[in-house]
Amino acid sequence: MTAINDVTDYALDGDVGVITLNSPPVNALSWRVRDGIALGVAHALADAAAKSIVLICDGRTFIAGADISELGGPQKGANLLEVMNGMEEATKPVVAAIHGTALGGGLEVALTCHYRVAVPSAKCGLPEVALGLLPGAGGTQRLPRIVGAERALELLTSGRHVPAKDCFAMGLIDELVEEGKLRDGAVAFARKIIAEGRPLKRVRDLSEKMEAARGHPEIFADFRKANVRKFRGFLAPEYNIRCVEAAVNLPFDEGIATERKLFMELITGPQSAAQRYAFFAERQANKIPDVPDDTPLIDVRSVGVIGAGTMGGGIAMNFVNVGIPVTLIEVKQEALDRGLGVIRKNYQRTAARGGITAADVETRMGLITSSLDINALGAVDMVIEAVFERMDIKKDIFGKLDAICKPGAILASNTSYLNVDEIAASTMRPEAVIGTHFFSPANVMKLLEIVRGAKTSKTVIATCMKLAKKINKVAALVGVCPGFVGNRMLSQRQREANALVMEGALPWDVDRVLYDFGFPMGPFAMSDLAGLDVGWSKETSTSSTLREVLCEMDRRGQKTGGGFYDYDDNRVARPSPVAEKIIQDFRIQAGVTPRAISDEEILERCLYPMVNEGAKILDEGMAIRASDVDVIWENGYGWPVYRGGPMFWGDQVGLGRILDKMKAWEGAMGEVYKPAARLERLVAEGKPLVGS
Ligand code: 3HC
């Protein structure tokens with residue numbers, strides 16, 4: 001074996017030269033890896049004994065892409081495009097041997113090899129779009145030449161990781177080799193190529209599929225049309241589409257030039273900066289300063305969920321989806337049956353769309369045991385309580401769990417704002433108690449706010465963080481305060497939205513501004529969707545708020561055909577004259593003369609107080625770092641990821657500007673606008689929130 005550089009080895013296996021990269025954790029294309037490939041290929045070409053070449057990686061994966069932390073920074077080491085050209089032009093066949101995930105630049109490297117083999121568990125993809133980018137190393141030109149324009153559009157704009165078997169079927173992979181025997185399989189394949197005298201296959205030379213798509217602009221028009229909603233606000237999907245158009249319509253080198261130009265535009269723009277920040281923010285959120293990586297974990301093999309309502313059912317699905325059996329508890333058979341019915345229906349809907357098979361539906365349902373007796377939870381490793389948000393009920397349940405559950409079991413509450421320490425105090429084992437705040441619909445939404453109580457053990461925290469990843473959630477650890485991080489900041493926005501309506505804006509003005517900012521919907525449309533009667537009761541209603549009056553009129557949102565908006569049979573919303581009249585009456589009652597409110601003011605009033613609250617949350621230590629707050633807002637509340645979360649966005653707006661506004665509003669409207677100490681300090685120091 002010859003060391004090529006500190007991350008690359010070369011060895012001769014009979015007549016095959018094997019270049020092995022080893023750059024943990026994911027063999028990303030750092031400058032050392034790029035140098036390693038270039039030098040390794042040169043070495044193999046110079047080795048007269050090597051007739052063909054295999055490029056393979058040690059560790060958990062083939063190259064998982066460009067090194068994202070280097071992107072946008074100064075260039076160092078070998079240029080990736082030149083390294084790739086060197087491989088593609090090589091006079092001996094080069095075979096990429098893929099395991100783990102060949103992603104982004106990793107797949108692009110593989111596409112410049114003459115052949116590709118993979119183990120069945122491998123996956124390939126070009127996920128740059130998720131980073132606000134497009135594949136900038138020839139991927140947009142080579143991928144369509146193999147899979148065709150239509151499929152390339154789908155793969156590039158979804159960033160999907162495609163299983164090796166599907167890659168083989170679409171021609172991305174030339175041969176599947178036995179699991180666990182990648183090196184031997186790749187070497188055998190490389191030898192076979194020589195033995196059979198196969199040509200040096202260069203993807204750039206393939207033209208058939210591009211010619212087939214040429215003269216069919218409707219391929220692109222239809223694709224754009226079908227995805228208008230999905231791509232709204234994002235630049236990268238459109239840029240990826242333009243690259244495929246270039247692949248179809250231009251010679252290869254001109255297509256590459258288009259790709260380069262658009263890539264440079266994206267990588268120097270604000271969206272990609274925000275999306276790359278989000279990538280690292282999500283991973284950073286897993287790191288808890290006082291909970292070391294080697295903290296012992298609890299092996300969670302079974303879970304109990306109390307409450308089979310919308311939340312409980314959704315939570316249960318997360319676990320059975322990954323094969324963890326769930327015991328679902330309810331107080332009444334009827335509620336249990338209804339809950340199980342909803343879960344089954346959800347799975348059936350997924351099956352109908354082709355997401356899972358009919359057999360999967362049965363397997364997953366089979367993993368749920370239901371019971372009306374809480375004593376059935378004696379043997380589970382973790383319980384998640386998802387019942388009505390009332391402290392007395394929660395305390396009662398946790399008192400019972402304390403008596404029932406085995407020692408070492410995790411006792412979690414899905415509360416969205418109640419005091420986890422108070423809940424924990426109803427047990428003799430507060431160290432086992434934690435908050436796991438799922439977001440509705442819990443089987444879909446990515447976020448899990450994990451709430452650390454004063455006495456929660458490190459083992460319980462570490463286990464919940466790991467478990468979140470296992471059930472495909474993005475987790476952030478938060479402290480105990482009303483509403484935790486997400487809902488606490490949301491209440492700022494809600495207060496301002498309501499206040500703006502009293503001052504002269506209309507619900508649809510506020511909604512439109514926030515929708516245009518990039519939220520999936522504004523607060524009033526959201527309330528109509530959720531139901532205005534959540535937490536409302538006829539008996540205690542006093543006509544004192546707009547919401548109460550609407551509920552009293554049986555305008556309870558979408559489900560009753562009206563709320564802030566009127567809805568037609570297809571649930572299409574129109575501004576409601578009824579709601580507008582109620583608003584006007586309220587203003588008259590309060591002696592308010594409505595004023596014209598600009599879109600700019602709506603945005604600032606709704607969002608600056610949120611940034612300010614985020615700073616307070618950091619001051620109080622309720623979130624570990626500013627980027628955790630952003631992770632929460634992007635994954636749980638639809639904050640547009642291309643704007644980087646409220647803390648990142650606040651830095652872009654300028655903290656000085658936000659501070660000035662908060663001070664002005666505090667002077668005019670009172671205490672609730674008081675600037676956070678951190679905001680004042682950071683402005684004085686000229687520092688940003690992120691990293692503070
Ligand atoms: N660059 C730098 N660091 C990376 C990285 C990359 N491409 N991919 C992963 N990492 C780091 C993570 O930050 C993390 O570091 P940490 O342990 O210090 O937090 C570590 O590798 C492990 O990552 P995960 O925790 O995400 O591990 P998983 O096993 O869950 O997932 C993965 C592995 C599927 C490879 C996932 O990390 C991933 O999706 N990575 C990004 C892939 C990607 O987007 N590639 C395209 C890059 S852009 C590009 O290639 C441009 C080109 O076209 C020019």
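Tabulated values for the structure
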{"read-out": "Test: residue in the stretch 433-444 that is surrounded by fewer than 21 Cβ atoms within 10 Å (Cβ to Cβ) and assigned to a strand (DSSP E or B)", "value": "no"}
{"read-out": "In the stretch 555-577, residue surrounded by the fewest Cβ atoms within 10 Å (Cβ to Cβ) [restricted to those that are more than 16 Å from Ala530 (Cβ to Cβ) and at pLDDT 95 or above]", "value": "Pro577"}
{"read-out": "Looking only at the stretch 27-77, and only at residues there that are basic (Lys, Arg) and within 31 Å of the chain's Cα centre (by Cα), the one that is surrounded by the most Cβ atoms within 10 Å (Cβ to Cβ)", "value": "Arg34"}
{"read-out": "Count of residues meeting criterion [within 13 Å of the ligand (Cβ to nearest atom) and touching a Ser or Thr at 6+ places or on another chain (Cβ under 9 Å)] in the stretch 63-78", "value": "9"}
{"read-out": "Members of the stretch 270-288 found to be surrounded by fewer than 17 Cβ atoms within 10 Å (Cβ to Cβ) and either more than 14 Å from the ligand (Cβ to nearest atom) or aliphatic (A, V, I, L, M) (or both), listed by number", "value": "Pro270"}
{"read-out": "Evaluation of Arg60 against (1) away from the ligand (no atom under 11 Å from the Cβ); (2) among the basic types (Lys, Arg); (3) out of contact with any Leu (no Cβ under 9 Å at 6 or more places or on another chain) (one fails), failing number", "value": "(1)"}
{"read-out": "The listed residue being more than 18 Å from Gln584 (Cα to Cα) and surrounded by fewer than 16 Cβ atoms within 10 Å (Cβ to Cβ), out of Ser544, Ser537", "value": "Ser537"}
{"read-out": "Which listed residue, of Arg587, Arg681, Arg625, Arg657, is in contact (Cβ under 8 Å) with a residue 24 or more places away in the chain, charged (D, E, K, R) and over 20 Å from Gln494 (Cβ atoms)", "value": "Arg625"}
{"read-out": "Of all residues making up the stretch 9-57, the number that are in a loop (DSSP other than H, G, I, E, B) and either within 16 Å of the ligand (Cβ to nearest atom) or farther than 27 Å from Gly197 by Cα (or both)", "value": "8"}
{"read-out": "Criterion (closer than 22 Å to Met662 by Cα and part of a helix (DSSP H, G or I)) met by exactly one of Leu550, Leu618", "value": "Leu618"}
{"read-out": "Total residues in the stretch 352-367, condition in a helix (DSSP H, G or I) and without any contact (Cβ under 8 Å) to a residue 12 or more places away in the chain", "value": "6"}
{"read-out": "Selection status of Leu103, closer than 23 Å to Arg242 by Cα, in contact with a strand residue (DSSP E or B) (Cβ under 7 Å, 6 or more places away or on another chain) and crowded, with 23+ Cβ neighbours inside 10 Å", "value": "yes"}
{"read-out": "Cβ-Cβ under 7 Å pairs, at least 6 apart or on other chains, the stretch 405-425 side part of a helix (DSSP H, G or I), far side basic (Lys, Arg) and surrounded by fewer than 20 Cβ atoms within 10 Å (Cβ to Cβ)", "value": "Ile423/Lys395; Ala424/Lys455"}
{"read-out": "Single match in Ile173, Ile98 (criterion: in contact with a Cys (Cβ under 6 Å, 6 or more places away or on another chain) and more than 21 Å from Ile241 (Cα to Cα))", "value": "Ile173"}
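The values are calculated or read from the model by the stated rules, or taken from the named source; none is laboratory data. What you see is a predicted model; the values in this text were computed from it and never measured. Note: ideal-geometry Cβ built from the backbone for every residue, glycine included; neighbour counts use all protein chains shown.
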